[in-house]
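First the structure, in the form of structure tokens, and then the observations on it.
The values are calculated or read from the model by the stated rules, or taken from the named source; none is laboratory data. Just so it is clear, the structure is predicted and the values come from calculations on it, not from any experiment. When we count neighbours, we look across all protein chains shown, and the Cβ atoms used for this are built from the backbone with ideal geometry, even at glycine. With ligands, DNA and RNA removed, areas are computed over all heavy atoms of the protein, side chains included. Shrake-Rupley method; radii C 1.70, N 1.55, O 1.52, S 1.80 Å.
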Amino acid sequence: MSHLFNPITLGKLHLENRIVIAPMCQYSAEQGRATAWHRIHLGHLALSGAGLLIIEAAAVEAQGRITPQDLGIWNDDTEQALADVLKDVRSYSAMPIGIQLAHAGRKASTDVPWRGGGFLQPEQGGWQTSAPSALPFNESDGTPQALTLARIEEIKQAFIDAAIRADRLGLDLIEVHAAHGYLLHQFLSPLANKRDDQYGGSLENRMRLTLEVFREVRRVTPADKPVGVRISATDWVEGGWDIAQSIALSQALGKEGCSYIHVSSGGLSPAQQIAVGPNYQVPFAAAIKDAVDIPVIAVGLITDAEQAETLLANQQADMVALARGMLYDPRWPWHAAAKLGEKVRAPEQYWRSEPHEVKGLFKS
């Protein structure tokens, strides 16, 4: 059996293969509520044959949205809207589904990407943002309010409440978002965190909130349900968050019972200089995998089956995640299975599509 289609277990969650559909913001919610777009989007991805589908970043409070159109999971209305979508998706797919819990911090209150993604002032439908320190992401953005200790406690409670809702929805996995320049990453990075209290300064202090949030989410989530964390392994800026600090965080998370580390990079500073290319983030995943005893997910311009198979065979990661590549080719796992001589799960309605040259590709 190929490495890519070798099953893996996260906690007690069995995955049929090591292909993960990474969280991808759709900016198509209404006041945080999932819409018909999510039913279509998640529905067709759930028929792809991947081992795991992680729903896009869901804001744990309204102020934590990136855009006014972000998905949310902060009240009964947002929970019920997502429940309605999941009911339909699950009617036709047994694929495990997780969710990413997030807070955008100083990167909140922006327009959707296809309208430029610029900062929204209150009169444009935006809101006052918050962050570890009163430092905006871009100079043209509004200045965020430095979070008080009381507000930090409120946000921690918001993560707890969101995790309880996610479990109530029957989601199979929870991922805490500490990457891409959003709030928890802002606390981690010395470029965004200039605090002089217990949440700033030393690496131990800067890691504190991420570890506290993870610990609380893990506490309120059933022991057999995986809880993982997505991190940016580096800011790609000198003097910022880097791989050595990421290893320290990953080791600390492992000791707290983290089920996996999902390794991305960047997003914290407009000054980032990223050397983009195939597998460009895989070395970060490999370095973390060498230092921890929990599964590691690699992501970043992994576009073909042989590429994914090779990095798994070389033990650079335990799973691979695709985001934009899955949007471009929603049947990527089918095509990967065909290339590697494997079988993949597909809905009965599509069995007749099996190409003549790969008879036996689909399994029920």
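Brief remarks follow.
- Label-point separation in nm, L149 to R168, each point 7 Å along Cα→Cβ: 3.1
- Residues whose placed amide H lies under 5 Å from that of D304, excluding near-sequence neighbours: none
- If you plug the beta carbon distance of R115 and D293 into 1/(1 + (r/R0)^6) with R0 = 45 Å, you get a FRET efficiency near 0.50.
- Long-range tail of P(r) for the stretch 249-301 (Cα pairs > 18 Å, %): 37
- Percent carbon-and-sulfur accessible area, the stretch 233-326, ignoring ligands, DNA and RNA, probe 1.4 Å: 49
- Per-residue extension of 0.36 nm, minus the Cα-Cα distance of N75 and T9, leaves a gain of 20.6 nm for this segment.
- Here is the list for the stretch 2-57: trypsin sites (Lys or Arg not before Pro) lying in DSSP coil, each with at most 12 other C-beta atoms within 10 angstrom of its C-beta, are K12.
- Panel note: the C-alpha atoms of the stretch 110-266, placed on their principal axes, show extents of 45, 36, 32 Å (largest first).
- The spread of Cα positions in the stretch 224-284, taken along each principal axis and listed from longest to shortest, comes to 40, 25, 18 Å.
- Counting only protein heavy atoms and a 1.4 Å probe, the stretch 218-364 has 46 square angstrom of accessible area per residue.
- Of the GluC sites (Glu not before Pro) in the stretch 51-141, those whose Cβ has at most 11 other Cβ within 10 Å and which sit in DSSP loop: E139
- Using the empirical formula 2.2 N^0.38 Å as the baseline, the Cα radius of gyration of the stretch 274-362 reaches a ratio of 1.23.
- Taking all Cα-Cα distances within the stretch 83-130, those exceeding 14 Å account for 65%.
- Value in Å of the Kirkwood radius, where the stretch 189-248 supplies the Cα pairs that are averaged: 12.8
- Separation of the K255 and E123 label points, Cα + 7 Å toward Cβ, nm: 5.2
- Gyration tensor analysis over the Cα atoms of the stretch 1-155 returns equivalent ellipsoid semi-axes of 32, 17, 15 Å (largest first, whole Å).
- Sequentially through the stretch 226-237, phi angles give Karplus couplings (6.51, -1.76, 1.60; θ = phi - 60°) of x, 10, x, 9, 9, 10, 9, 5, 8, 7, 6, 9 Hz, Gly and Pro residues having no value and appearing as x.
- The stretch 85-186 - Rg (one decimal) and Dmax (whole number), Cα, Å: 16.3, 47
- Backbone geometry of the stretch 61-75 corresponds, through the Karplus equation with coefficients 6.51, -1.76 and 1.60 at θ = phi - 60°, to 3J(HN,Hα) couplings of 8, 4, 5, x, 6, 6, 10, x, 9, 5, 5, x, 8, 10, 8 Hz, x marking Gly and Pro.
- Amide H contacts of Q145 (H built 1.01 Å from N, in plane; Pro and chain starts excluded): T129, S130, A131 sit under 5 Å, all sequence-distant by 5 or more or on other chains.
- Taking amide H as placed 1.01 Å from N in the peptide plane, the amide H of R345 sits under 5 Å from that of K363, each at least 5 places away or on another chain.
- With the gyration tensor restricted to C-alpha atoms of the chain, the semi-axes of the equivalent ellipsoid amount to 32, 23, 19 Å, longest first.
- Cα-based equivalent ellipsoid, the stretch 27-115: semi-axes from gyration tensor eigenvalues, Å: 23, 13, 12
- In this calculation the C-beta distance from L327 to E354 is compared with R0 = 22 Å, giving a FRET efficiency of 0.40.
- Set of the stretch 290-328 residues, backbone N closer than 12 Å to the point 7 Å along the Cα-Cβ line of H335: 303-306, 325-328
- Expressed as a whole percent, the accessible area of the stretch 98-204 that falls on carbon and sulfur atoms is 49 (1.4 Å probe).
- Potential lengthening between N205 and Q315 on full extension [0.36 nm per residue; Cα-Cα distance subtracted]: 36.4 nm
- Percent of beta bridges antiparallel (DSSP, the chain, rounded to nearest 5): 10
- Pairs from the list K255/K343; K12/K363; K194/K289; K289/K359 with a Cα-Cα gap above 27 Å: K255/K343; K194/K289; K289/K359.
- The fraction of Cα-Cα pairs per 5 angstrom bin, counted from 0 for the stretch 1-71, comes to 4, 16, 21, 18, 15, 12, 10, 4, 1, 0 percent, rounded to whole percents.
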